[in-house]
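Laboratory data are not the source of any read-out in this text; all were calculated from the coordinates shown. Owing to the predicted nature of the structure, the values given are computational and were not obtained by experimental measurement. Cβ placement follows ideal geometry from the backbone for every residue including glycine, while neighbour counts extend to all protein chains displayed.
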Amino acid sequence: MAQTTMKRGPVSGTAIDRATRRRRPFLIDLYSTAVGKKYVMAITGIGLLGFVLFHMIGNLKMYFGAQDLNHYAHFLERLLYPILPEKYALWLMRGGLATMALLHIHAAYTLTVINRHARPVKYQSERDYQVASFASRTMRYTGIIVLLFVIWHLLDLTFGAGSVNSYVGTKDAEGLKDVYGAVAFSLNRVPVAIFYVLANIALGTHLFHGVWSLFQSLGWNNPRFNKWRRAVATSFATIIVVGNVSFPIAVLAGVVG
């Protein structure tokens with residue numbers, strides 16, 4: 001008896017797409033989804049929140065005088081020395097922070113695109129629009145302000161690029177980098193101090209919604225927890241804003257410098 005062979009039809013585009021998707025690494029495949037992007041935003045957000053907090057705490061050494069702040073900056077430059085050469089650990093941390101910031105920005109942008117495609121029609125009434133808080137509606141703008149501030153901050157107090165801050169790189173009486181003098185020189189300029197204050201208010205607004213939505217992105221969004229979620233978000237944002245805004249006020253008031 002002759003055997004008949006059945007020919008398989010052409011593979012569909014969907015099947016090809018699924019097969020291609022399976023060959024991708026798991027993390028990349030996860031990041032291609034909206035859920036994955038939310039997790040990336042949450043995880044990188046936690047890292048950036050930690051940096052913002054400890055950066056502010058470190059800068060509080062300004063109130064103990066030039067010696068304390070300059071020694072703290074020197075300590076950071078010699079972190080893990082002699083296991084690593086001087087400044088290597090500091091630059092590794094900067095690289096990690098830059099990577100987290102880029103991932104955070106990319107995830108935020110691509111999620112915005114996904115949401116726009118999911119809702120091509122804008123809110124139909126002002127009441128619907130007001131459901132979202134001011135902080136959530138302005139996340140895009142406060143994020144841009146914070147990004148511009150970070151770029152300025154690096155040019156001003158880290159690199160001292162061009163004539164932005166000619167004080168950067170000078171030494172104190174002990175031969176250490178005079179970070180205290182550079183900060184005092186920078187914030188003693190009224191336009192810079194005003195920009196510093198406004199940028200940190202924008203940062204606080206961004207942080208409030210970021211901390212609030214962080215729990216939701218990780219699945220901790222039970223209505224029973226909303227009260228303490230708001231308390232945590234408000235407290236964290238307030239601590240950062242008050243701490244950072246105090247620096248230019250203290251310099252202009254002559255308390256520091």
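Of all complete DSSP H helices in the chain, those with a Cα span along the helix axis of 30 Å or greater and a mean Kyte-Doolittle hydropathy of 0.5 or more are 34-59, 88-118, 190-217, 226-252. By other beta-carbon atoms within 10 Å, ranking Val232, Val168, Val179, Val242 with the fewest at the front produces Val242, Val232, Val168, Val179. Residues considered: Val245, Val183, Val150. Largest GNM mean-square fluctuation over the chain, using C-alpha springs under 10 Å, is found at Val150.
Across the options Asn188, Gln216, Leu102, the greatest Cα extent toward the positive end of the charge dipole of the chain (unit charges at beta carbon of Lys, Arg, Asp, Glu) belongs to Gln216. Using Cβ point charges alone (K and R +1, D and E -1), the dipole size of the chain about the Cα centre works out to roughly 1620 debye.
Each principal axis of the stretch 68-115 carries a Cα extent, and these read 48, 24, 8 Å when sorted largest first. log₁₀ I(q)/I(0) of the stretch 104-257 at q = 0.17, 0.21 Å⁻¹, via Debye over equal Cα point scatterers, no solvent, to two decimals? Values returned for q = 0.17, 0.21 Å⁻¹ are -1.06, -1.34. Only alpha carbons enter this Debye calculation for the chain, each as an equal point scatterer, and the log10 of I(q)/I(0) it gives at q = 0.14, 0.18 Å⁻¹ is -1.08, -1.48. Result for the chain in a Gaussian network model with C-alpha springs under 10 Å: among Phe149, Phe225, Phe75, the largest mean-square fluctuation is at Phe225. Please report, to two decimal places, log10 I(q)/I(0) for the stretch 161-225 at q = 0.19, 0.30 Å⁻¹ as given by the Debye formula with identical point scatterers on the Cα atoms and no solvent. Taken in order of the listed q values, log10 I(q)/I(0) reads -0.79, -1.15. For the chain, a Gaussian network of Cα nodes joined below 10 Å ranks Ser32, Ser217, Ser133 by mean-square fluctuation, and the top entry is Ser133.
Which is farthest toward the positive dipole end of the stretch 38-94 among Trp91, Leu49, Tyr39, measuring Cα position about the Cα centre, with Cβ charges +1 (Lys, Arg) and -1 (Asp, Glu)? The residue sitting most towards the positive pole is Tyr39. All alpha carbon pair distances within the stretch 30-124 were sorted into 5 Å bins beginning at 0; the resulting P(r) in whole percents reads 2, 12, 14, 15, 14, 12, 9, 8, 6, 4, 3, 1, 0.
For the stretch 19-94, the relative contact order works out to 12 percent when only alpha carbon pairs closer than 8 Å and six or more residues apart are counted.
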